[in-house]
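Below you'll find the structure, written out as structure tokens, and then a few comments.
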Protein chains: 2
Amino acid sequence: MRRTQAQRSEATRARILDATLQALVERGYAETTTAEVQARADVPRGTLLHHFPTKIDLLVASVQHVARRRLEALVTELAALPGDVDPLDAFVDGIWIHFSSPLFWAALELWNAARTDPELRAALMPVEKEIFGVLHERAQALLGPDPRGATVVQLTFEMMTGLAMTGIVSGELGRRELLIRRWKRAAAILLGRRDPDTLVERTKGT
Amino acid sequence: MRRTQAQRSEATRARILDATLQALVERGYAETTTAEVQARADVPRGTLLHHFPTKIDLLVASVQHVARRRLEALVTELAALPGDVDPLDAFVDGIWIHFSSPLFWAALELWNAARTDPELRAALMPVEKEIFGVLHERAQALLGPDPRGATVVQLTFEMMTGLAMTGIVSGELGRRELLIRRWKRAAAILLGRRDPDTLVERTKGT
DNA sequence: TCCCAAACAGTCTGGCGTGACGGTAAGCCA
DNA sequence: TGGCTTACCGTCACGCCAGACTGTTTGGGA
């Protein structure tokens, strides 16, 4: 197994970045120390410092890495949507699969840290824009050129982000699933495909 | 100015918790060290440790403190809603004022940390439930007993949370304001008070 | 008035996190 | 093949953070 320098370099670099991602998910941003990453990647200290001279270098690189992973996952997930259900429902489900995955948790850790760290914020802004672009593009393909479509996609994006955050604290999985179901209906209503009266399951009362 | 022990104790305790809140907002969870809090509160090390023996004690107490502050702020904000506009619009605006305030940023820091810290999560769950209860109650008073109301309030809650998070990374203030405007319309549509065709400003095309 | 308990205060230490540094070996180009 | 670049490696030192410890003041009950 004779490898070129570039291949070797890239391999250990990837190991380190994967370890960082894993640490962000399992330990959270505050506990993601260079020593923690080093241990998870099983590389000596010097190696880590060779590839990423400072901690912020590592974190900025991990922003890129997480984004790349998310893009891969998103296109796979969105391509695997079942064709035998309402495209809108399938789309919401697909997005939710992504937004409830550990991969997105790592992104949330970085988002939150970015609030008080300009370097991270600067690194995050373009990549998030790109991810949203992919989402938007796929939505247009699925839902057609409805002028309300873009707005509904944006609202869905915010909604899923909110659900990911509140899900942290309200352990109940059922609540989230219920809200997802209702949001699907809401989206259909907003697109004029459904009657507002059917938002909740059983319209009780008057 | 002769104060009882309880008064003195409470005063310094409050100073410390305010300092913690401030640190969470300005420095973020990862950089909120005991030394940082100590300096901001301007208390000696011993005093801090007297009131909060360990760091997690301090953080758990700050969860309570932030929640209390948020409740105070919420009732004030929701009471001060202008009466001359659509109650639904006013309600969304009121919630957004809260969710875009530094007070809520501090809560987000704690939420995020809670994902990987069971003690924080345990402390957060009941207080967040209480806050949501207040919101829900006020909404019912404003919007009437529509069975869809509860769902719309929940969706609004998730939406605002999402906007708070994405707002961190997409610096553009205008985007958020636009989405708030559209969400107001969307909420009205979901409640059957508005035509789905009017979701976006100018319905261009077919 | 006496005394105890509780608030307040300052110092010290062990541990950890970061990054500097000097060194080795493997690939690459002339 | 010789030298040079680049990947890789291990140790060390500084600084900071958390919390243990001991001493001091103040309020309140007996």
Selected residue [crowded, with 17+ Cβ neighbours inside 10 Å, free of Cβ contacts under 8 Å to residues at least 60 places away in the same chain, under 16 Å from A:T161 (Cβ atoms) and among the charged types (D, E, K, R)] from A:R115, A:R70, A:R121: A:R115
Matching entry among B:L173, B:L179 (being assigned by TED's automatic domain parsing to the domain that holds B:D86 and open to solvent by less than 10 Å² (accessible area, probe 1.4 Å)): B:L179
Which numbered condition A:R3 fails, given (1) within 12 Å of DNA strand C (Cβ to nearest atom); (2) part of a helix (DSSP H, G or I): (2)
The range B:6-59, subset within 14 Å of chain A (Cβ to nearest Cβ) and part of a loop (DSSP other than H, G, I, E, B), residue farthest from the chain's Cα centre (by Cα): B:T33
B:D84 being of a type outside the set (G, A, S), more than 16 Å from DNA strand C (Cβ to nearest atom), under 25 Å from B:S170 (Cβ atoms) and away from chain A (no Cβ under 14 Å): no
Tally of residues being within 21 Å of B:D57 (Cα to Cα) and more than 14 Å from the chain's Cα centre (by Cα) across the range B:74-124: 11
Residue match in the range B:199-206 (condition: within 7 Å of another protein chain (Cβ to nearest Cβ) and open to solvent by less than 10 Å² (accessible area, probe 1.4 Å)): yes
Residue that is farthest from DNA strand D (Cβ to nearest atom), among those in the range A:47-86 that are under 23 Å from A:A11 (Cβ atoms) and of a type in the set (D, E, K, R): A:R70
Pair list, Cβ < 8 Å and 6+ apart or interchain, from the range A:1-17 residues that are closer than 16 Å to A:L59 by Cβ to residues that are modelled with pLDDT under 90 and hydroxyl-bearing (S, T, Y): none
Count of residues meeting criterion [open to solvent by less than 30 Å² (accessible area, probe 1.4 Å) and at the interface with chain A (Cβ under 8 Å from one of its Cβ atoms)] in the range B:97-112: 4
When residues of the range B:6-30 are limited to those that are within 11 Å of DNA strand C (Cβ to nearest atom) and under 30 Å from A:P118 (Cβ atoms), the one surrounded by the most Cβ atoms within 10 Å (Cβ to Cβ): B:I16
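The values are calculated or read from the model by the stated rules, or taken from the named source; none is laboratory data. Source: prediction; values computed, not measured. For neighbour counting, all protein chains shown are included, and Cβ atoms are generated from backbone atoms with ideal geometry for every residue, glycine included. To get the accessible areas, we keep the full protein, side chains included, count just its heavy atoms, and leave off ligands, DNA and RNA. Shrake-Rupley method; radii C 1.70, N 1.55, O 1.52, S 1.80 Å.
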